[in-house]
Structures are given as C-alpha cells and as structure tokens.
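J.: After the structure tokens below, expect a handful of questions from me.
The values are calculated or read from the model by the stated rules, or taken from the named source; none is laboratory data. Every value quoted in this text rests on a predicted model; they were computed, and no experiment measured them. Note: ideal-geometry Cβ built from the backbone for every residue, glycine included; neighbour counts use all protein chains shown.
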C-alpha cells in the first residue's frame, strides 16, 4: 500500500477494537467530515499495525508512515490524538521472557512515539492520564482545592485500621487500582463495600488498603464529565441502596442536572493541576445537597449516559479534537 496523501487534518484515535465510547466520537467526527479519523491500536503492532518513525534531529519531530489494514498516513500530519484504551501487545509464538521483552519494546517504542507528536493535541496525553490515576494524589489535590473529601486511610496495619473505624464508622473499602482478578476461572469485580468491625483482622497486613468514611446520608451519585470548560452533570439514582452504582447498571436511572454551586470552578482547577483536558468526576450527594469527591477518572466512560440524558458529549469531544475548545 502506498502512502496516502491526506489533505484534511488527521485525528488519531488510539484504542482497542471494542470501545463504545470511542465509537461515539468517531461517528461524530465522520459525520462532520472536516477531518480524517484513523483508529489505531498499538497493541496490534507489528501484525496489523505498521510504523517506521524517523526523528528529525533539528526539529525534534517524529515523521514517517504509520498504517493499519485500512489506511496509511504520516505521523507528521496528525493534529489531534484521542487516547483511549490501547491493548497490550501479545506474542503467542514466544516464551514468557521473550514475550515480555518484545512487549516492552512496543510499549516504549511505538507507544513512546505516539505520545511524542509535537503538532498534536492530546485528549488526554497518556502520561498525564497515568499520573492522574493515583487515588492518593487525586484525594490530596481535591482536598487542597476545597472539595468535600471523606476521611481516608491507607494502611496495612490492622490496629490502625480498627482505630480509624472506631473514629469514623461506618467505613468502606475501595481498591486503590482496579486490576484483572480471576478466581476459579472467572473474572471478579471489586466494588466499594462497607466494612464491618470484625473484618479488620490480620489479613489487612498483606498489602495496602484504602478505607474511607462512608457518606451515610447519600441520596444519589453525580457523574460529572468535563471537557475543556464544558460540564455535563448527571445525577445517578438507583432503585436499591448501593454504595457503588457500578455494581448493577440495571437498577439505575439518569437525569441531567446543574452541577452543585462551586464545583465547576474547582474541577477546572483540578484538570489544570494534572494537565488534563478531560475528566470524569464522581461525587456522592448527601441529603443536604452536599457533593463529596470520590475520584476523577482521567480516561473515564461516558457514552452510555448520552442517550438517556440527551447531553451532547460526543459532539463536545469532537469539538476538542478539532481544536474548537
């Protein structure tokens, strides 16, 4: 395949094949027709994705062809990057050690080039996403900016955990990072859950745990998606009492609402602190209308909330990638 000469700006969407959120943005960009959209999963390198990048020693810019089974273009022509969910590379023909070596070379080489395009606007830059994913940093910045943050403890000391529970009960447990957990051949999800005093035993000493004071009079959750200065606030109600709304989507209803007073400005400051253009903020809303900051996912999902609310989130992401925000 010869290198295709494209005259419109190129938006590169870096993600896996099955990504409903990316699909919504791609559909909106294609409908507008003002740019070319290239969907690339670097995890498919070198089987279904090709790249040969050359560094210009004077400008410091990477140039050269990158291609998929459907198109080729030049790295220098990419104007925006929507960094979503690329898959890790797999090398089934190699032993474990060799496969890990090869995977690291793709991650650092291909991933490193795609994160180093000086002409491109990133939504968000992958390094910024990575830095903003740490919950301890999120909570510290949120508290500094004046958000209401529940009392929080990170420890592996059972005695300290029991003392925290005595002071702040009821408390909940949250994983510090969601990872793949398989038990007896089945994937397991770990949701936020209430911790009873008798559970605070010596097993806590095995690793770090995050405990937090429960927002006891919570009446709903708020999922607030911010893209640039645009704010989309969705109230999430459940037909049953749930600490973690993600545990059963069938019980949920959604309503577009105005964000509580003061949080939009704080969210803007929050995104700037982490160098982000976009973030999905989660708040617990108490009976008095007070929002409690729970977390901000710098690469969160939002597409499933657009149909029931009518909020133009995909259009706003398209605006950002076209440089209009």
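J.: If a residue has to be more than 20 Å from the chain's Cα centre (by Cα), within 14 Å of residue 234 (Cβ to Cβ) and loosely packed, with under 14 Cβ neighbours inside 10 Å to count, how many in region 244-255 make the cut?
T.: Residues that pass the stated criteria total 2.
J.: Given the conditions (1) surrounded by 13 or more Cβ atoms within 10 Å (Cβ to Cβ); (2) modelled with pLDDT of 95 or more, and given that residue 159 satisfies all but one, which numbered condition is not satisfied?
T.: It fails just one condition, (1).
J.: Given 119, 148, 124, which one is touching a strand residue (DSSP E or B) at 6+ places or on another chain (Cβ under 8 Å) and at pLDDT below 95? Give the steps one after another, and end with the answer.
T.: Values: 148 fails: at pLDDT below 95; 124 fails: at pLDDT below 95.
From the options 119, 148, 124, the qualifying one is 119.
J.: Exactly one of (1) in a loop (DSSP other than H, G, I, E, B); (2) without any contact (Cβ under 8 Å) to a residue 12 or more places away in the chain is unmet by residue 250. Its number?
T.: (1)
J.: Output yes when any residue across region 202-221 is at pLDDT below 90 and either surrounded by fewer than 19 Cβ atoms within 10 Å (Cβ to Cβ) or touching a strand residue (DSSP E or B) at 6+ places or on another chain (Cβ under 6 Å) (or both), and no when none is. Full working, then the answer.
T.: Step one: filter region 202-221 for residues at pLDDT below 90, giving none.
No: zero hits.
J.: Let me ask another. State whether one or more residues within region 203-213 are more than 18 Å from residue 132 (Cα to Cα), in the same structural domain as residue 166 (by TED's automatic domain parsing) and part of a loop (DSSP other than H, G, I, E, B).
T.: There is at least one residue in region 203-213 that is more than 18 Å from residue 132 (Cα to Cα), in the same structural domain as residue 166 (by TED's automatic domain parsing) and part of a loop (DSSP other than H, G, I, E, B).
Quick grid of which residues meet (1) in contact with a strand residue (DSSP E or B) (Cβ under 9 Å, 6 or more places away or on another chain); (2) under 30 Å from residue 302 (Cβ atoms):
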residue	(1), (2)
54	yes, no
58	no, no
73	yes, yes
82	yes, yes
93	no, no
102	no, no
106	no, yes
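J.: With part of a strand (DSSP E or B), farther than 30 Å from residue 163 by Cα, free of Cβ contacts under 8 Å to residues at least 60 places away in the same chain and within 22 Å of the chain's Cα centre (by Cα) as the only criterion, which of 234, 224 stands out?
T.: Values: 234 fails: free of Cβ contacts under 8 Å to residues at least 60 places away in the same chain.
Going through 234, 224 in turn, the sole match is 224.
J.: Surrounded by 15 or more Cβ atoms within 10 Å (Cβ to Cβ) and within 30 Å of residue 25 (Cβ to Cβ): is that true of residue 122 in this structure?
T.: Details: surrounded by 15 or more Cβ atoms within 10 Å (Cβ to Cβ): yes; within 30 Å of residue 25 (Cβ to Cβ): yes.
Judged against the criteria, residue 122 is a match.
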